[in-house]
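Heads up, the thing below is written out as structure tokens.
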Amino acid sequence: MHRVSALSVVLLLGFGVSALAAERLETELAKPVPGFDQPRRIVLQMSSDDERSINNILWNAVNLQKFYGQDSVEIAVIVFGAGMKALYRDGSPVRERVESLQKYGIVFIGCGNTMETTHHSPDELIEGVQWVQTGIAEIVERQLRGWTYIRP
């Protein structure tokens, strides 16, 4: 009877695991391929005041822009409910990130209904942040105009 050493088992298992490792696929772009004249249009929803969740959404925006290229994607972060905390000049845990992303063309749009309900005004928003009366309706209307909706 043959004996198999523990080291042999570990080596065999290690090679087996590496042979089963996931294969990296390239994302196949749908037609029409995005470009300056036909950018991908993406809405990201932000409705949580959890700082980790907010930062995750901002990283999603960065990753999408990095993947498609700044000139081949339009990104709008539509914010309502508790997520509005991220857009107020005073108290935003991500003010510097929002200001930085705006410089790269990422648009932030706040919700007027949320501001009314929480006794805030548009004057309190980070400079450059836009607003609409109803954030969720802005998402619906953009979807109907062909924007892709992502709720991270």
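Derivation of every value follows stated rules applied to the coordinates shown; laboratory data play no part. Computed from a predicted model, the values in this text were never measured in an experiment. Neighbour counts are summed over all protein chains in view; Cβ atoms, including those assigned to glycine, are modelled from backbone coordinates with ideal geometry.
Consider residue 138 carefully, then state whether it is more than 16 Å from the chain's Cα centre (by Cα), among the acidic types (Asp, Glu) and surrounded by 16 or more Cβ atoms within 10 Å (Cβ to Cβ). Yes: the conditions hold for residue 138.
Taken as a whole, the range 92-112 holds no residue that is touching a strand residue (DSSP E or B) at 6+ places or on another chain (Cβ under 8 Å) and hydroxyl-bearing (Ser, Thr, Tyr).
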